[in-house]
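These notes are about the structure you will find just below.
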Amino acid sequence: MQHEEIKKHMKTARALVEEAGKISLDYFRKPQAVEDKMPGVFYDPVTEADKKIEEKLRKELSTQFPGYSILGEEYGSEGDSNLRWIIDPIDGTRAFISGVASWGVLLGLTDGDTCLGGIMHQPFLKESFVADDQEAWLHNTDGETRLQSRQDAILEDAVIYCTHPYLFGSEKERCGFQNISAKCRMQRFGGDCYSYALLAHGCVDLVVEGLLQSYDIVPLIPIITQSGGIITNLDGDPPMNGGTIIAAANESLHAHAMEIMQEELNK
């Protein structure tokens, strides 16, 4: 798919996401029923807002882009086209039910193993972080801002985010994160998808997280890369299948963080 066509796709997708995102405001910071998708195993909450947003996006995407595949957190996969929309209706549901505005509606467009574009929309803050295959922009009430990560960020001066320091696939990964974090200027937790958007915006320098699903991270990949950052799994590849990731504001910072993580993993 050529750039101009991708750009048109993302313009349409942004409008759909922003419209669907309005559903969340009927529930956010208001009493609501919450289900646990994995009772007795791991608290995995889902709300009516999650379900209704994904239902609306699936319906609208199927109308606007007939024949495309769709993968969503709540209703799984449909279709067999290489062109696929990936939906996380509310990334950061725990934050959502806690009244913390670090959640967002995620939508990504992929072609096989390549993510062509992505959106992170925060309805409460009226912000949309949107990327195609060449550029990344923040759209808000002030207008449009081209996103640019901190190209001069170094580890010792870095701001690092992680949604939860114990959500990693192994003890070695958790220790690797702690070793990276210990060398940074400031550590913050609980950022969910918003921390990746702020990395693209030049406010955060590193995000290290584990146990991610594809819908948690794929829509965020182009927002990071088209703002000048880099995001990979621990093998150094684009995290199209989720897992443990390191996102950094620049290549040098990413390499430094990856070196520390690999040193721990190889012990």
Expected output for segment 137-153 (first residue more than 14 Å from GLY228 (Cβ to Cβ) and assigned by TED's automatic domain parsing to the domain that holds GLY202, partner of a type in the set (Gly, Ala, Ser) and exposed (fewer than 10 other Cβ atoms within 10 Å of the Cβ), Cβ below 7 Å, 6+ apart or cross-chain) is none
With respect to ASP205, determine if the residue is farther than 22 Å from SER128 by Cβ, of a type outside the set (Ser, Thr, Tyr) and either buried (at least 24 other Cβ atoms within 10 Å of the Cβ) or touching a Leu at 6+ places or on another chain (Cβ under 8 Å) (or both). yes
In segment 1-15, anything farther than 21 Å from ASN82 by Cβ and in contact (Cβ under 8 Å) with a residue 12 or more places away in the chain is listed as ARG14
If you take the residues in segment 230-261 that are in contact (Cβ under 8 Å) with a residue 60 or more places away in the chain and polar (S, T, N, Q), which one is farthest from ASP192 (Cα to Cα)? SER252
Please enumerate the residues belonging to segment 88-122 that are touching a Phe, Trp or Tyr at 6+ places or on another chain (Cβ under 8 Å) and in a loop (DSSP other than H, G, I, E, B). GLY92, GLY99, ALA101, SER102, TRP103
Return the residues of segment 82-99 that are surrounded by 15 or more Cβ atoms within 10 Å (Cβ to Cβ) and either small (Gly, Ala, Ser) or more than 19 Å from GLN122 (Cα to Cα) (or both); say none if nothing qualifies. LEU83, ARG84, GLY92, ALA95
Number of the condition not met by ALA49 [criteria: (1) assigned to a helix (DSSP H, G or I); (2) under 22 Å from GLY117 (Cβ atoms); (3) not charged (D, E, K, R)]: (2)
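The values are calculated or read from the model by the stated rules, or taken from the named source; none is laboratory data. For clarity, every value in this text was computed on a predicted model and none was experimentally measured. Note that each Cβ is placed from the backbone with ideal geometry, even for glycine, and that neighbours are counted across all protein chains shown.
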